[in-house]
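Notes follow once the structure below has been shown.
The values are calculated or read from the model by the stated rules, or taken from the named source; none is laboratory data. This one's a predicted model, so the numbers in the text were calculated from it and none came from an experiment. All Cβ positions, even for glycine, are placed from backbone atoms using ideal geometry, and neighbour counts span all protein chains on display. Ligands, DNA and RNA are excluded from the accessible area calculation, which covers all protein heavy atoms including side chains. Shrake-Rupley method; radii C 1.70, N 1.55, O 1.52, S 1.80 Å.
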Amino acid sequence: MNREAVVMRVSPKVVRWLWASAVVGGLALALGGVLQPQRLWPNLLLLGFLSVGFGLGGLLLIAFRDLTGARWNDSFRCVREAMASALPWTAPVLAVILIAGLSSYPWSQASTLAEETDWFKRWWLEPEFFTTRTISYLAIWVGFAVSMAWASRREAAHDGPTRTSIRLSAAFLVVFSLTFWLASADWIMSLEPTWYSTVFGVYNFGGVLLSAQAAVTLLTVWLRQRGPLRNVVTRDQLHDLGTLLLSFSCFWMYIWFCQYMLIWYTNIPEETSHYASRIHGLWAPLFYANIAINWAIPFAVLLPRASKESAGILVKVSLLVLVGRWLDVYLMILPSTSGDAPAIGLCEIGAMGLIVGALGLVFLHALRKSLQFSPVEPSRHADDTPVSAEARR
Amino acid sequence: MSKRTLVAVFEREADLVRAVVAVRKAGLRIGDVYAPYAVHGLDRALGWRPSRLSWACAFSGLAGAIFMLWFQWWTSAVSWPLNVGGKPWNSLPAFVPIIFEGMVLAAGLGTVFALLVVARLRPGKITTPIAPGLMDDRFALLVEETDAAFDAVAVSELLRGCHAVEVSERVLEDDSPPLGEARDAARTRWRRRLNYVLLLVLAVVVAMNFLALPNPSQPNREFLPDMAHSPAYTSESANPNFPDGETLQRPVLGTLVQGQMPLHYAATDDEALRAGRELHNPLSAKDVHAGERGALVFQTFCTPCHGGGGQGDGLVALRGYPAPPSLVTGNTTKMPDGQLFHIITYGRVNMPSQSGLLSPHDRWAAILHIRSLQTPAAPKPTGAKP
């Protein structure tokens with residue numbers, strides 16, 4: 001396929017809608033911040049953490065491909081690369097949110113931690129040290145995003161990942177697993193400074209992986225319906241996307257339960273406090289909905305082969321899982337920061353609109369750029385396509 | 001019934017799939033397809049109904065999960081209820097890991113078993129690939145010769161057009177899955193015999209298990225008992241090396257336990273007065289740590305009867321037990337530290353001895369706290385809680 005054929009043509013309507021979503025969402029968020037100032041920062045944190053998570057998810061999928069040598073999804077690698085290249089845009093936003101909102105963390109008031117916790121936690125949660133760590137994590141990730149995108153552009157002519165790509169990806173996986181584990185503890189878990197769970201970072205990793213797979217599936221199907229991937233993605237590749245979505249959903253549930261069961265079993269007050277504030281009252285429906293949306297429904301729907309091959313069902317499940325990711329992080333942040341009861345108000349809706357619009361625009365921009373460097377090529381099995389079309393009759 | 005069949009061998013899966021489509025388009029009958037792994041899209045190209053193996057997997061997984069749920073409920077709530085950390089007998093979260101493992105095990109074994117049954121791979125069955133390389137990197141397509149009008153040459157040409165590397169005509173015996181003739185009869189016979197021997201060994205092992213029923217009233221026979229019997233003397237066993245014949249030796253007469261000095265007083269009021277004259281608090285009132293320790297000891301062991309302020313209004317006294325005299329007024333204020341130490345150590349009237357609960361250091365620390373209660377003007381040591 002030559003380069004002229006892959007020029008990105010997105011209808012201006014879509015772009016207009018994304019702009020509208022971002023602007024209206026931003027205004028709603030600002031208005032909500034004026035009306036309910038205590039809900040503004042938690043929603044900003046949620047927004048920043050989610051959007052950085054999507055970039056990291058894109059990097060993860062690139063690293064998996066480089067290290068496993070999987071070639072089945074190379075024909076739409078532009079999708080995950082565009083996701084990853086959103087990271088340099090979203091990371092500074094999160095850094096500003098975290099540093100500006102430092103006083104919203106309970107440990108930033110010296111008295112909170114003075115009596116109850118050990119010296120290590122006090123030392124670890126020094127505001128200066130926290131800021132340094134935050135900037136380091138984000139800078140490291142952005143560095144990987146930039147260098148992996150550079151390596152990916154260089155390999156476009158090759159058949160498969162270059163040595164540089166493989167080394168970068170291996171280094172990324174090692175560095176990411178440590179930094180993300182610490183970062184999720186720093187940014188989210190320390191909202192409840194007396195609670196801790198060592199699997200918390202892995203749990204967030206499961207969520208990032210699941211939502212990244214959902215985003216890749218959603219965008220791939222969308223670009224297949226009305227974009228440059230129209231004749232590129234086969235039904236078998238949709239099937240593989242659906243299989244991965246199903247398995248990552250099960251992985252998320254597995255880790256969720258790992259954390260829950262140990263805390264439930266030992267039943268120590270300082271550990272159960274996290275669940276006690278989420279499993280009771282009006283939070284309870286959201287708590288159970290989280291499990292249903294992120295695992296039970298996708299599992300039941302995606303189990304039959306036919307639904308993994310159906311573009312329509314994949315889109316619906318991916319959208320559901322993306323909402324589930326929002327809910328998952330919402331349940332991590334909001335019960336610890338604001339209030340005894342959940343509220344979906346201007347702040348929440350505005351933040352959602354802003355993130356959908358802004359990330360969509362960044363993605364489209366990155367996709368256009370990515371397509372210039374790595375043109376869409378039919379997969380090696382593209383000669384299966386007429387067969388599948390034949391068999392579909 | 002024997003069938004004449006064309007066997008076409010391919011090197012690429014795409015060629016195989018394309019050949020399947022071409023053969024079906026030509027109206028020919030496909031006997032079977034062989035591939036070393038699952039080829040995506042092949043079953044659709046063949047037009048066969050989807051494999052039912054996934055149903056076998058789903059049902060055996062479900063059965064395993066349900067069995068494990070029932071089994072754990074029965075063992076922990078019905079047959080032998082066991083209190084684990086105060087949880088209810090029937091605690092679903094505790095069952096989930098085993099349910100999960102049982103589901104995975106049953107689904108895996110059930111799927112393999114269903115595959116063996118469907119493929120008729122009974123024990124002792126010897127199969128030989130119809131063409132070399134089918135277990136490795138080659139693919140085979142079998143086209144059946146249906147009637148006299150079958151033009152083997154034309155079909156061979158068609159298959160070669162789809163990049164078949166080899167097309168040969170074979171006669172396959174019955175309509176069981178065609179397995180090809182055994183190429184090495186002697187080797188096949190030996191393999192079959194080995195299978196029978198292994199089966200026999202399995203049966204013998206199982207039978208011996210039943211024959212050698214263990215007798216629970218007898219110790220088991222020991223095999224290589226080196227680890228079971230320690231050559232060292234245990235503390236209670238007889239020992240010829242010592243004059244008294246015991247392994248655990250008594251301490252030398254007059255030995256004291258480290259950190260515990262004996263108290264040479266009897267448990268009488270006279271002796272308490274003597275203790276008051278002779279003993280002095282080794283802890284200083286300026287010692288902040290001792291003060292904190294004393295406050296903690298007092299709060300834990302004294303408050304129930306004497307009350308937080310030492311006025312004899314503890315919860316035990318409020319509920320009818322004879323109230324102890326106040327520690328902050330009257331007689332107690334005049335008692336020297338040594339006498340209080342004697343009273344805490346041996347008890348007095350209704351107060352039992354505290355020597356088993358409190359170390360001498362803690363007793364002296366508690367006395368420090370009592371003194372600080374008696375002089376409310378003095379600043380309380382930090383850490384004292386109301």
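When B:Ile66 is tested against the conditions (1) of a type in the set (A, V, I, L, M); (2) more than 47 Å from the chain's Cα centre (by Cα); (3) more than 10 Å from every other protein chain (Cβ to nearest Cβ), the lone failure is (2).
Checking the structure you have, find out if any residue of the stretch B:359-370 is in the same structural domain as B:Arg293 (by TED's automatic domain parsing), outside any helix (DSSP H, G or I), exposed (fewer than 15 other Cβ atoms within 10 Å of the Cβ) and at pLDDT 85 or above. The answer is yes, given that some residue of the stretch B:359-370 is in the same structural domain as B:Arg293 (by TED's automatic domain parsing), outside any helix (DSSP H, G or I), exposed (fewer than 15 other Cβ atoms within 10 Å of the Cβ) and at pLDDT 85 or above.
I'd like to know if the stretch B:253-267 contains one or more residues that are of a type in the set (S, T, N, Q), surrounded by 10 or more Cβ atoms within 10 Å (Cβ to Cβ) and on the phi < 0 side of the Ramachandran plot.
Residues of the stretch B:253-267 of a type in the set (S, T, N, Q): B:255, B:258, B:260.
Subsequent filtering for residues that are surrounded by 10 or more Cβ atoms within 10 Å (Cβ to Cβ) retains none.
No.
Given the criteria away from chain B (no Cβ under 14 Å), among the small types (Gly, Ala, Ser) and within 20 Å of the chain's Cα centre (by Cα), does A:Ala289 qualify? Taking the combined requirement at face value, the residue satisfies it. Out of the residues in the stretch A:263-281 that are over 10 Å from A:Trp195 (Cβ atoms) and touching a residue at least 12 places away in the same chain (Cβ under 8 Å), state the one that is nearest to the other protein chains (Cβ to nearest Cβ). Across the stretch A:263-281, the extreme among qualifying residues is A:Arg278.
Which ones in the stretch A:189-237 are small (Gly, Ala, Ser) and either within 20 Å of the chain's Cα centre (by Cα) or within 24 Å of A:Glu270 (Cα to Cα) (or both)?
A:Ser190, A:Ser197, A:Gly201, A:Gly206, A:Gly207, A:Ser211, A:Ala212, A:Ala214, A:Ala215
If we scan the stretch A:238-246, do we find a residue that is away from chain B (no Cβ under 14 Å) and closer than 30 Å to B:Phe95 by Cβ? For the stretch A:238-246, residues away from chain B (no Cβ under 14 Å) and closer than 30 Å to B:Phe95 by Cβ: present.
Scanning the stretch B:136-152 for residues that are assigned to a loop (DSSP other than H, G, I, E, B) and not charged (D, E, K, R) yields a total of 4.
I'd like to check something: does the stretch B:114-135 contain any residue that is open to solvent by less than 50 Å² (accessible area, probe 1.4 Å), part of a loop (DSSP other than H, G, I, E, B) and within 14 Å of chain A (Cβ to nearest Cβ)? Among the residues of the stretch B:114-135, not one is open to solvent by less than 50 Å² (accessible area, probe 1.4 Å), part of a loop (DSSP other than H, G, I, E, B) and within 14 Å of chain A (Cβ to nearest Cβ), which makes the answer no. Against the numbered list (1) farther than 30 Å from B:Arg191 by Cα; (2) not in a helix (DSSP H, G or I), B:Val155 comes up short only at (2).
Of all residues in the stretch A:298-316, those satisfying the criterion of being open to solvent by 40 Å² or more (accessible area, probe 1.4 Å) and either within 13 Å of chain B (Cβ to nearest Cβ) or in contact with a Gly (Cβ under 9 Å, 6 or more places away or on another chain) (or both) are A:Phe299, A:Ala300, A:Leu303, A:Pro304, A:Arg305, A:Ala306, A:Ile313.
Of all residues in the stretch B:171-191, exactly one satisfies the criterion of being surrounded by 13 or more Cβ atoms within 10 Å (Cβ to Cβ) and modelled with pLDDT of 75 or more, namely B:Arg191.
Just wondering, is there one or more residues in the stretch B:227-247 that are free of Cβ contacts under 8 Å to residues at least 24 places away in the same chain, outside the structural domain of B:Leu358 (by TED's automatic domain parsing), in a helix (DSSP H, G or I) and within 35 Å of the chain's Cα centre (by Cα)? Yes, the stretch B:227-247 contains a residue that is free of Cβ contacts under 8 Å to residues at least 24 places away in the same chain, outside the structural domain of B:Leu358 (by TED's automatic domain parsing), in a helix (DSSP H, G or I) and within 35 Å of the chain's Cα centre (by Cα).
Give me a count of the residues in the stretch B:98-113 that are more than 19 Å from B:Arg52 (Cα to Cα), surrounded by 14 or more Cβ atoms within 10 Å (Cβ to Cβ) and within 14 Å of another protein chain (Cβ to nearest Cβ). So the answer is 3. Count of the stretch B:329-353 residues, restricted to those that are open to solvent by 30 Å² or more (accessible area, probe 1.4 Å) and touching a helix residue (DSSP H, G or I) at 6+ places or on another chain (Cβ under 9 Å), is 9. Screening A:Leu210, A:Leu229, A:Leu173, A:Leu245 for residues that are closer than 27 Å to A:Ile344 by Cα and either at pLDDT below 95 or open to solvent by less than 50 Å² (accessible area, probe 1.4 Å) (or both) leaves exactly one candidate, A:Leu210.
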